[in-house]
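The values are calculated or read from the model by the stated rules, or taken from the named source; none is laboratory data. Being a predicted model, the structure only gives us computed values, none of them experimental. Ideal geometry is used to build each Cβ from the backbone, glycine not excepted, and the neighbour counts take in all protein chains shown.
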Amino acid sequence: MLPVIRRTALSFAALAALSLSSLTANAVSVELDVLIGGEQAGVYTEAGLGCQDIEGTPTASCAGTNAVVGGGEGLRLDSWSLFLDSDPVVSASVAVTNLSAVTQQYTLLFTLPVSPAIPGGTVIGGSIQGGATDNNGNGVTLAAPTSSSFYTALIDALAVQTLYGAPQSFSAGSFASLNVPNLAFGTPIPSQAGPPALTSIAIRLDFLLSAGDSASFTSNFVVQPAVVPVPAAAWLLGSALGLFGVIRRKAPQAA
């Protein structure tokens, strides 16, 4: 039997007083899918994430705090901050707490539609860093799930790069914190050759977090059209200079 997919409304204190009439459509769209134990627990769009377009630019920012996903045994999104650019760029900072009494696998998928499509080659780059804190005195562990990675960059729903793959793990002792050092690809970002981007780009964060503990990640993914080796303007200039040289050689010499 297929797992039941529940689409839930995202609520948080920062937007509690905001009336529906004040919400406006966003030019930049985003979707956050939250999975707990591999099963979908929530799907949230820019309105629920508190996204606001940045006037005069193809960009938007999103922020919020204190959203519980999956009930008292699920996940709390302590805070999130997103920057979106339709070029396209996705940057996401998120802090979470495991509300259950056991180690859980959490997956956060941030998806940004690509508009306009990039049918040719691309250059890509991205990074991730983070940390975790023990909240209950029995230590904290943050690990990549089997056959997965803390960070996966996707173009058109296909993985193009992973960072901190299994069996990567970090741990710290009682009421201590751990650090996940910054790791990047395509530096200077973006510079790694990538495929066409026709529909979407995305960042997938996938991790195991010990019971009752908190973790945070800051990540980004940048996709740009690849540079054309010989621009048309340069070709035209070269042709014009060559033609000028031919005309000059054929001109009669003064006596």
Working carefully through the options Pro116, Pro188, find the one that is free of Cβ contacts under 8 Å to residues at least 24 places away in the same chain, part of a loop (DSSP other than H, G, I, E, B) and either loosely packed, with under 14 Cβ neighbours inside 10 Å or out of contact with any Lys or Arg (no Cβ under 9 Å at 6 or more places or on another chain) (or both). Pro116
So which residues in segment 191-209 are within 13 Å of Gln161 (Cβ to Cβ), surrounded by fewer than 19 Cβ atoms within 10 Å (Cβ to Cβ) and of a type outside the set (A, V, I, L, M, F, W, C)? Ser191, Gln192, Pro195
Subset of segment 197-255 (residues that are among the hydroxyl-bearing types (Ser, Thr, Tyr) and modelled with pLDDT under 95): Ser239
Can you find a residue that is within 26 Å of Ser200 (Cα to Cα), of a type in the set (Val, Ile, Thr) and over 13 Å from the mean Cα position of the chain (by Cα) anywhere in segment 66-74? yes
Check on Ile124, more than 18 Å from Leu35 (Cβ to Cβ), modelled with pLDDT of 95 or more, out of contact with any Leu (no Cβ under 9 Å at 6 or more places or on another chain) and surrounded by 21 or more Cβ atoms within 10 Å (Cβ to Cβ): yes
Any pair with Cβ under 8 angstrom, 6 or more apart, that starts in segment 170-181 at a residue that is under 14 Å from Ala144 (Cβ atoms) and ends at one that is loosely packed, with under 13 Cβ neighbours inside 10 Å: Phe170/Asn179
Filtered residue count, segment 66-103, keeping only those that are closer than 20 Å to Ile54 by Cα and either among the basic types (Lys, Arg) or not in a loop (DSSP other than H, G, I, E, B) (or both): 11
When the residues of segment 191-202 are filtered to those that are of a type in the set (Ser, Thr, Tyr) and part of a loop (DSSP other than H, G, I, E, B), which remaining residue is nearest to Ala117 (Cα to Cα)? Thr199
In segment 58-81, which residues are in contact (Cβ under 8 Å) with a residue 24 or more places away in the chain and of a type in the set (Ser, Thr, Tyr)? Thr59, Thr65
Scanning segment 137-175 for residues that are in a loop (DSSP other than H, G, I, E, B) and surrounded by fewer than 13 Cβ atoms within 10 Å (Cβ to Cβ) gives Gly137, Thr146, Ser147, Ala157, Pro167, Gly173, Ser174
Find all pairs meeting these conditions: Cβ atoms under 8 angstrom apart; at least six residues apart or on different chains; first residue within segment 143-166 and over 10 Å from Phe207 (Cβ atoms); second residue modelled with pLDDT under 95 and aliphatic (A, V, I, L, M). none
Of the conditions (1) under 16 Å from the mean Cα position of the chain (by Cα); (2) at pLDDT 95 or above; (3) closer than 19 Å to Phe221 by Cβ, the single one that Ala117 does not satisfy is (1)
